[in-house]
Amino acid sequence: MSLRRIAIGTGYAALVGIPLGLLIGVVKPLAVVLDPAVTLLRALPPLAYLSLLVIWFGIDESPKIWPLPVVALPPIAAATAAAVRDVPTDLVEAVRALASATGTTVLFVTHSAEEAVLLGSRVLVTAAGPGRVIAEAAVPLPRDPGTDVAALRGDPGFAALRSELAAATRSPAAARGTGGRDGPGRSRRRGLRLPWRRTRGGTMARMSSAERRRQLVEAAIRAMTRDGVARTTTRSICAEAGVSLSVFHYCFESKQALLEAAIETITDNYVARVMSAVEPGATLRETVRGALRTYWDHVTAHPGEHMLTYDLTQYALREPGFEHLARAQYEQYVASAADLVERVGAVRGIGSKVPVEVVARYLAAAIDGLTLQFLVLGDEHTADGHLDLMADQLVALMEG
């Protein structure tokens, strides 16, 4: 009889406590209201309920059962809420990304690499400890109710994918139980060859971390140019790149690290374009004017990308913890201008009479101001005259 009472009481407590804990753990507004109530109930002694239960239910069997769910419900609800809150963010975001991509997500956990490839459409390899995602891969193999499993096991793509997954589970990152990073954008998972991409032939080819980073940076530049920096989220960047959110965390430590990489990529592209215009056979002024013209052609052809650079600056200055990105951005402008001045001097066989850093800061400031003025006024003809004047001044500074 006592065991029957305990089973009934505990069953009622679990029936109510587990859903209540899920609501507290997932819905923050409800947690604000229900969490204090559950904590208060846990603190009350069980005997405090007994007289009320006798008044409500009489002296038959009911008062002997109801104290059990009343006592057991608060701990069950609190433990469930704590478990929900402790679910690793990487796993939650990965499942949400899968759901947004397919509309339907069936999640299952397995310790078999072969089972994961046979049954899964996308596989996440997690660390043993805190559950961090250390690798992710799509499975392109055809699976339907009529698929011959034996023939599928003989597919070279199946064997390669299974081997890669097994290797990932034996990696140092998985053994340590961590998917952390050594620094911005540098993962401890250097030895892994995941994730993969689909080739034209339908088999899986490995995509390196550098390729993934470049893919995400290019997607971020497109998304921020279109929507603005403040409105661009890591989720929208992943959607633009066509990858899951776990891939983002595989490649970058944070959005801040991605913005830093985007600034570096944009500046490097400008420098490479301008450097290509430096020709050995031209005069000093022709060389300088040609380099400025090359840069300016890109400004007029892609004003949105240049507007993005100012948006990045304003966002970094206003967002707490991002201020250093604005400083790094303009320091990179000066360093790139100094490289250009030194390259022009080397091609012409002359050294700048004015210190290179002084010339570089003048060039960076002049270009920055002229670009912003064009973006506001849109006057290309006035800009041509300013470029001529700037070329004359740079030549005068370099020749002394």
Give the residues of the range 216-240 that are in a helix (DSSP H, G or I) and small (Gly, Ala, Ser), sorted by residue number.
219, 220, 223, 236, 239
Considering only the range 21-34, I want to know if a residue exists there that is surrounded by fewer than 16 Cβ atoms within 10 Å (Cβ to Cβ), among the basic types (Lys, Arg) and touching a helix residue (DSSP H, G or I) at 6+ places or on another chain (Cβ under 8 Å).
no
Which pairs turn up if I take residues in the range 341-364 that are closer than 15 Å to residue 271 by Cβ and look for partners that are assigned to a helix (DSSP H, G or I) and among the polar types (S, T, N, Q) with beta carbon separation below 6 Å, at least 6 apart in sequence or on another chain?
344/287
Could you give me the residue pairs with C-beta distances under 6 Å whose first residue belongs to the range 238-258 and is assigned by TED's automatic domain parsing to the domain that holds residue 326 and acidic (Asp, Glu), whose second residue is modelled with pLDDT of 80 or more and in a helix (DSSP H, G or I) wherever it lies, and which are 6+ apart or on separate chains?
none
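Can you pull out every residue in the range 313-334 that is outside any helix (DSSP H, G or I) and aromatic (Phe, Trp, Tyr)? Steps first, please.
Residues of the range 313-334 that are outside any helix (DSSP H, G or I), as a first pass: 319-322.
Scanning the range 313-334 gives a single hit, 322.
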Any residue that is surrounded by 20 or more Cβ atoms within 10 Å (Cβ to Cβ), at pLDDT 85 or above and closer than 29 Å to residue 397 by Cβ - is there at least one of those in the range 242-262?
no
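Considering the range 217-272 alone, what residues qualify as being among the hydroxyl-bearing types (Ser, Thr, Tyr) and either under 17 Å from residue 312 (Cβ atoms) or out of contact with any strand residue (DSSP E or B) (no Cβ under 8 Å at 6 or more places or on another chain) (or both)? Before the answer, list the steps.
We begin by selecting, within the range 217-272, every residue among the hydroxyl-bearing types (Ser, Thr, Tyr); these are 225, 232-234, 236, 244, 246, 250, 254, 265, 267, 270.
225, 232, 233, 234, 236, 254, 265, 267, 270 - these are the residues of the range 217-272 that are among the hydroxyl-bearing types (Ser, Thr, Tyr) and either under 17 Å from residue 312 (Cβ atoms) or out of contact with any strand residue (DSSP E or B) (no Cβ under 8 Å at 6 or more places or on another chain) (or both).
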Considering the range 315-355, residues that are surrounded by 14 or more Cβ atoms within 10 Å (Cβ to Cβ) and over 38 Å from the mean Cα position of the chain (by Cα), and then whichever is farthest from residue 255 (Cα to Cα), we arrive at 348
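The values are calculated or read from the model by the stated rules, or taken from the named source; none is laboratory data. Note that the coordinates shown come from a computational prediction; the quantities given were computed from them, not determined experimentally. When we count neighbours, we look across all protein chains shown, and the Cβ atoms used for this are built from the backbone with ideal geometry, even at glycine.
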